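Structure, as structure tokens:
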Amino acid sequence: MQIYLKRATGFFGMASPLTVSINGEKQTMISNNQEKQLIVPKRAILQVSFFWLKSNQIELTEANAGQRFVVTMNPFILQAYICFFLLTSLFGFVLNQVVGLLVCLVAYACLLPYVMKKVYVIKEDTYG
């Protein structure tokens with residue numbers, strides 16, 4: 001069956017193509033603002049990645065034939081990075097507090113394994 005996959009990740013990572021995997025095997029690469037037609041088995045798992053950064057996994061069945069999907073950046077990740085940089089700037093440069101800066105860095109290191117698997121979001125493209 002065939003499906004359509006569009007990448008709309010915006011500014012972040014736009015210079016680097018994402019790897020599209022079907023059932024854990026690399027199939028193709030997709031660049032920013034590109035749409036591709038994919039031929040997939042009747043039952044498949046779709047995921048995109050960039051090195052160790054991954055998306056959610058979408059389980060595809062025959063009901064998904066001809067369907068359009070879009071890859072976006074996870075909005076939580078973008079907000080978390082903005083908060084992280086604001087906090088580290090505040091503690092490191094403005095307040096000159098090493099302890100606060102270290103707490104931010106430890107929190108970031110603890111969240112990193114969780115975040116790496118949810119950087120991209122694949123969802124059904126309801127707008128075509």
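The values are calculated or read from the model by the stated rules, or taken from the named source; none is laboratory data. Just so it is clear, the model here is predicted, and its values are computed rather than measured. Methodologically, a virtual Cβ is constructed for each residue, glycine included, from the backbone with ideal geometry; neighbour enumeration extends over all protein chains shown. Calculation scope for accessible area: heavy atoms of the full protein, side chains included, ligands and nucleic acids excluded. Shrake-Rupley method; radii C 1.70, N 1.55, O 1.52, S 1.80 Å.
Before I look further, what does the chain give for accessible area per residue, probe 1.4 Å, in whole square angstrom?
64 Å²
For the stretch 62-128, how big is Rg over Rh, using alpha carbon atoms and the Kirkwood form of Rh?
1.24
Under unit Cβ charges (Lys, Arg +1; Asp, Glu -1), what dipole magnitude, rounded to 20 debye, does the chain have relative to its Cα centre?
120 debye
Need the full-extension length gain, LEU90 to GLU35, defined as separation in residues times 0.36 nm minus the C-alpha distance. One decimal, nm.
15.7 nm
For the chain, take the alpha-carbon Rg, divide it by the Kirkwood Rh, and send me Rg/Rh.
My calculation puts Rg/Rh at 1.10.
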